[in-house]
Amino acid sequence: MKKDWKLPSLKDAQIRTTKQSLVERELFDIPSHIKNMGNGRKFFLRTYGCQANERDSETIAGILYQLGFSSVKKPEDADIIFFNTCAVRKNAEDKVIGEIGHLKVLKRTNPDLMFAVCGCMAQEEDIVNLLLKKHHHIDLIFGTHNIHRLPNLLYNAMISKERTVEVYSKEGEVIENLPAKRFGKHKAWVNIMYGCDKFCTYCIVPYTRGKERSRSALDILDEVAQLKKEGFKEVSLLGQNVNSYGKDLNCDYNFANLLEDVAKIGIDRVRFTTSHPWDFTDEMIDVVAKYDNIMKYIHLPVQSGSSEILKIMGRRYSSEDYYTLYDKIIAKMPGCAFSSDIIVGFPNETDEQFNETLNMVEHCKFDNVYSFIYSPRIGTPAAKMVDNVPFEVKQKRLQILQDKINHYSNLNNQKYVGEKVMVLVDGKSKKNDQVYSGYTQANKLVNFTGDNINDGDIIEVIITEHKSWTLNGEKI
Ligand code: 5AD
Ligand code: SF4
């Protein structure tokens, strides 16, 4: 271990203070000796996991472009390969480790090729130790809290040729002067807050992304107004828990207020993710219902339909609370679409408790559910629980659950046949250049045909056919 390395510490990552985060407007800086270091150099960036990572990758790309790098589509054409990683489940990590090993062969034809690992896995003590011990071709490791340090770290790794590791375990302040290369032309992610303080017992995110820090409303509203001016049609407000927005700012301004102010800017489509069922307020429901440009689609992770399991998960709501919230939203917005996240095979989950999850799916008839087998994460409370559920049982449960999810997704899609929907055009389909694709207000992917269609248009499409996960249609 080198003396100047900064390695992650799980213990430090658990610490929460009540100190309000500062806003840093000048922290990001490219020292003059580093400017242009990327001229003539190419990067390849692969992103795993959630939208927070997607948005971080836009920042990383923005910094690299400012340094003079250009991007390439194939790893073999790069001078440096970045892996922006996800730690939420072991299989996500295994995929990254596999890929890191697999791409090592590129060093044979290009011995100067460099590898950088960042994102949530870089925040994990055991993973960084493994990478340092077993993957000697990795030149740079940095975390989620020090992306702004990338110019200096890259200089160290690339020009000074020193293996560089810098991971802060404690989150920093809210940094406002970072560049971004937006990957979309019409749809943009807008961070409204960082981190998570919920500490659900199975989840690694509060350790990898630090405490909840809200951006100032003015900064968010300015960003949305600017995006509208640049021609963006849709913004998705991002946070691990958007409902918590503003709680750390010690003022009365909450997520419902922010959502309303964003909607008033008049951008065509506003989405938000993720909301926690525990503190989803009536005020939020009213705001979503009131504004036509807030999409009637809510991602509301339930995780389990059993109150006993929810309690052990530390979710702060019972299944009855979830039913009540769901019914309240549907009563106010009958056409509202819902998606959810569900974990099966949490330690000691019984058949009966699993059946309660199936009942929940039957009641809510989700449009989409991201379903997972519970994956123990080192350092989380659930990882220490004794688990009496054999893995084969968990796999069986996942299959049963997914069959039910598919059934309702199919039924929901069937209802659209013959209906007219508004679609934001993403572009031509990858498989067939006669076909376009885009998303409806309810976040359904539609493949459609028609004339005079441009990317970024919002057009009316009649649905002619449905599949389990997509719709087909024609421009009207
Ligand atoms: N095991 C399985 N799924 C998990 N998730 C989070 N942590 C774990 C874990 N340890 C799921 C939750 C969360 C989604 C992003 O990932 O369902 O909502
Ligand atoms: Fe993880 Fe729970 Fe925070 Fe979501 S709310 S990121 S599941 S700890």
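Among D321, D252, which is the only one that is at pLDDT 95 or above and of a type in the set (D, E)?
Details: D252 fails: at pLDDT 95 or above.
None of the others qualify; the one that does is D321.
Collect the residues in region 277-311 that are within 13 Å of ligand 2 (Cβ to nearest atom) and either free of Cβ contacts under 8 Å to residues at least 40 places away in the same chain or of a type in the set (A, V, I, L, M, F, W, C) (or both), keeping them in residue-number order.
First pass over region 277-311, keeping only residues within 13 Å of ligand 2 (Cβ to nearest atom): 277-280, 299-304, 310.
If the condition is that a residue be within 13 Å of ligand 2 (Cβ to nearest atom) and either free of Cβ contacts under 8 Å to residues at least 40 places away in the same chain or of a type in the set (A, V, I, L, M, F, W, C) (or both), then W278, D279, F280, L300, V302, L310 are the ones that fit.
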Query - A225, sole failed condition from (1) buried (at least 21 other Cβ atoms within 10 Å of the Cβ); (2) free of Cβ contacts under 8 Å to residues at least 60 places away in the same chain - result: (1)
Report task. Given the conditions (1) outside any helix (DSSP H, G or I); (2) surrounded by fewer than 18 Cβ atoms within 10 Å (Cβ to Cβ); (3) touching a residue at least 24 places away in the same chain (Cβ under 8 Å), report the number of the one that P334 does not fulfil. Result -> (3)
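Does region 103-114 include one or more residues that are over 21 Å from L10 (Cβ atoms), in contact with a Lys or Arg (Cβ under 8 Å, 6 or more places away or on another chain) and buried (at least 17 other Cβ atoms within 10 Å of the Cβ)? So that I can check it myself, show each step before the final result.
Of region 103-114, the ones over 21 Å from L10 (Cβ atoms) are 103-114.
Add one more test, that the residue is in contact with a Lys or Arg (Cβ under 8 Å, 6 or more places away or on another chain), and what stays is 113.
Filter again for buried (at least 17 other Cβ atoms within 10 Å of the Cβ), leaving 113.
Yes - at least one qualifying residue is present in region 103-114.
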Query - Matching residues, region 98-136, being in a strand (DSSP E or B) and in contact (Cβ under 8 Å) with a residue 40 or more places away in the chain - result: M114, A116, C118, G119
Query raised in the report: Hey, does region 237-248 have a residue that's more than 23 Å from N84 (Cβ to Cβ), modelled with pLDDT of 95 or more and more than 16 Å from ligand 2 (Cβ to nearest atom)?
Result: yes
Query raised in the report: So which of Y317, Y326, Y253, Y322 is in the same structural domain as D219 (by TED's automatic domain parsing) and either touching a residue at least 24 places away in the same chain (Cβ under 8 Å) or under 19 Å from the mean Cα position of the chain (by Cα) (or both)?
Result: Y253
Requested in this report: Considering every residue within region 184-197, establish whether at least one is within 16 Å of ligand 1 (Cβ to nearest atom) and acidic (D, E).
Outcome: yes
Query raised in the report: Within the bounds of region 191-199, is there any residue that is of a type in the set (S, T, Y) and surrounded by fewer than 16 Cβ atoms within 10 Å (Cβ to Cβ)?
Result: no
Query raised in the report: Can you spot a residue in region 173-184 that is under 25 Å from N293 (Cα atoms), modelled with pLDDT of 95 or more and buried (at least 22 other Cβ atoms within 10 Å of the Cβ)?
Result: no
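Residues Y291, Y297: which one is away from ligand 1 (no atom under 16 Å from the Cβ) and under 19 Å from the mean Cα position of the chain (by Cα)?
After applying the criteria, what remains is Y297.
With assigned to a loop (DSSP other than H, G, I, E, B) and either closer than 14 Å to Y48 by Cβ or modelled with pLDDT of 95 or more (or both) as the only criterion, which of K73, K95 stands out?
Values: K95 fails: assigned to a loop (DSSP other than H, G, I, E, B).
After applying the criteria, what remains is K73.
The values are calculated or read from the model by the stated rules, or taken from the named source; none is laboratory data. Keep in mind the model is a prediction, meaning the values are calculated, not measured. Ideal geometry is used to build each Cβ from the backbone, glycine not excepted, and the neighbour counts take in all protein chains shown.
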